[in-house]
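Visitor: Handing you this structure, nothing more for now.
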Amino acid sequence: MTTPPEQDRLHAQLAFAMEIDKLRRILRRNTLMDGSRRENDAEHSWYVGMLAMVLAEHAPPGTDLDKVVAMLLVHDIVEIDAGDTFIYDAHAVEAQLGIERKAADRIFGLLPEDQSARLRALWDEFEERKTPEARFAKALDRIAPIMANHHNEGGTWSLYKVTAGQVLEKVKIIEEGSATLGAYATEIIELSVSRGHLARA
């Protein structure tokens with residue numbers, strides 16, 4: 001007796017659902033804004049998805065916000081296999097893409113073919129940053145930890161001796177996705193420096 005195709009499809013979807021539950025276990029370097037504990041990847045994905053809806057008016061005109069939210073929901077799923085990469089660790093960042101591509105092959109590959117292709121395409125688009133949607137999504141992904149560190153007296157900046165120059169390098173990606181958010185990120189970085197929560201150099 002063979003399994004009906006719709007049951008095979010459901011089993012594949014449920015296997016993916018069980019796999020992505022592991023995202024809650026992946027801890028990021030950043031803490032919550034109150035500094036009480038480190039956030040996990042699932043929390044981060046939810047948070048930046050919410051930012052996309054709340055800050056939608058600061059996206060380039062014509063940006064498909066539904067697509068941005070979908071992109072942000074899937075963008076860190078690969079970290080189930082690859083782990084969280086500290087953005088200021090140049091060696092780790094260099095090795096990151098190859099590891100994450102293998103993770104994307106495996107994890108999105110658990111889904112039925114049509115859904116696998118759709119979610120993988122969203123992840124690839126986010127990584128390539130060639131569309132307004134991807135650039136805005138990446139801007140939100142980048143601004144979230146800057147906001148967290150600013151509001152908890154330097155947070156991981158202080159812990160890992162990150163400088164304002166290093167953080168400002170990341171603002172370029174925010175500016176690509178939203179001039180308004182780029183300006184805001186620069187403003188709070190300068191404010192963090194003036195308060196002694198971020199070293200100038």
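Visitor: Condition (residue is within 14 Å of ILE87 (Cβ to Cβ) and either modelled with pLDDT of 95 or more or in contact with a helix residue (DSSP H, G or I) (Cβ under 9 Å, 6 or more places away or on another chain) (or both)) applied to the stretch 174-188: is it met by at least one residue?
Guide: Filtering the stretch 174-188 down to residues within 14 Å of ILE87 (Cβ to Cβ) leaves 174, 185.
From what is left, the residues that are either modelled with pLDDT of 95 or more or in contact with a helix residue (DSSP H, G or I) (Cβ under 9 Å, 6 or more places away or on another chain) (or both) are 174, 185.
Yes; the residues of the stretch 174-188 include at least one that is within 14 Å of ILE87 (Cβ to Cβ) and either modelled with pLDDT of 95 or more or in contact with a helix residue (DSSP H, G or I) (Cβ under 9 Å, 6 or more places away or on another chain) (or both).
Visitor: For the stretch 96-120: of the residues being within 21 Å of ILE173 (Cβ to Cβ) and aliphatic (A, V, I, L, M), which is least open to solvent (accessible area, probe 1.4 Å)? Steps first, please.
Guide: Filtering the stretch 96-120 down to residues within 21 Å of ILE173 (Cβ to Cβ) leaves 96-101, 104.
Keeping just the survivors that are aliphatic (A, V, I, L, M) gives 97, 99, 104.
Details: LEU97: 72, ILE99: 87, ALA104: 1 Å².
Going through the qualifying residues, I end up with ALA104.
Visitor: Right, next: Answer with yes or no whether ASP141 is at pLDDT 95 or above and surrounded by 14 or more Cβ atoms within 10 Å (Cβ to Cβ).
Guide: Yes: the conditions hold for ASP141.
Visitor: Quick one: how many residues across the stretch 59-83 are of a type in the set (Ser, Thr, Tyr) and under 14 Å from TYR47 (Cα atoms)?
Guide: Here the count works out to 0.
Visitor: May I ask you to list the residues in the stretch 129-146 that are more than 16 Å from ALA164 (Cβ to Cβ) and part of a helix (DSSP H, G or I)?
Guide: PRO132, GLU133, ALA134, ARG135, PHE136, ALA137, LYS138, ALA139, LEU140, ASP141, ALA144
Visitor: Starting from residues that are of a type in the set (Gly, Ala, Ser) and touching a helix residue (DSSP H, G or I) at 6+ places or on another chain (Cβ under 7 Å), keep the ones in the stretch 1-44 and report whichever is nearest to ASP81 (Cα to Cα). Spell out how you get there, then give the answer.
Guide: Quick first cut of the stretch 1-44, residues of a type in the set (Gly, Ala, Ser) only: 12, 15, 17, 35-36, 42.
Going one step further and asking which of them are touching a helix residue (DSSP H, G or I) at 6+ places or on another chain (Cβ under 7 Å), we end up with 35, 42.
Numbers: GLY35: 26, ALA42: 14 Å.
Of everything passing the filter in the stretch 1-44, ALA42 is nearest to ASP81 (Cα to Cα).
Visitor: Could you check THR63 against (1) closer than 30 Å to GLY155 by Cβ; (2) open to solvent by 50 Å² or more (accessible area, probe 1.4 Å) and say which number it fails?
Guide: It is condition (2) that THR63 fails.
Visitor: Moving on. Among residues belonging to the stretch 1-26 that are open to solvent by 90 Å² or more (accessible area, probe 1.4 Å) and farther than 14 Å from PRO112 by Cβ, point out the one that is nearest to the chain's Cα centre (by Cα).
Guide: By that ranking, first place goes to ARG24.
Visitor: Just to verify a result, which residue in the stretch 164-184, among those that are among the hydroxyl-bearing types (Ser, Thr, Tyr) and more than 20 Å from LEU32 (Cα to Cα), is surrounded by the most Cβ atoms within 10 Å (Cβ to Cβ)?
Guide: SER178
The values are calculated or read from the model by the stated rules, or taken from the named source; none is laboratory data. Please read these numbers as outputs of a predicted model, since none were measured by experiment. Neighbour counts are summed over all protein chains in view; Cβ atoms, including those assigned to glycine, are modelled from backbone coordinates with ideal geometry. Protein only, heavy atoms only, side chains kept; ligands, DNA and RNA dropped before computing areas. Shrake-Rupley method; radii C 1.70, N 1.55, O 1.52, S 1.80 Å.
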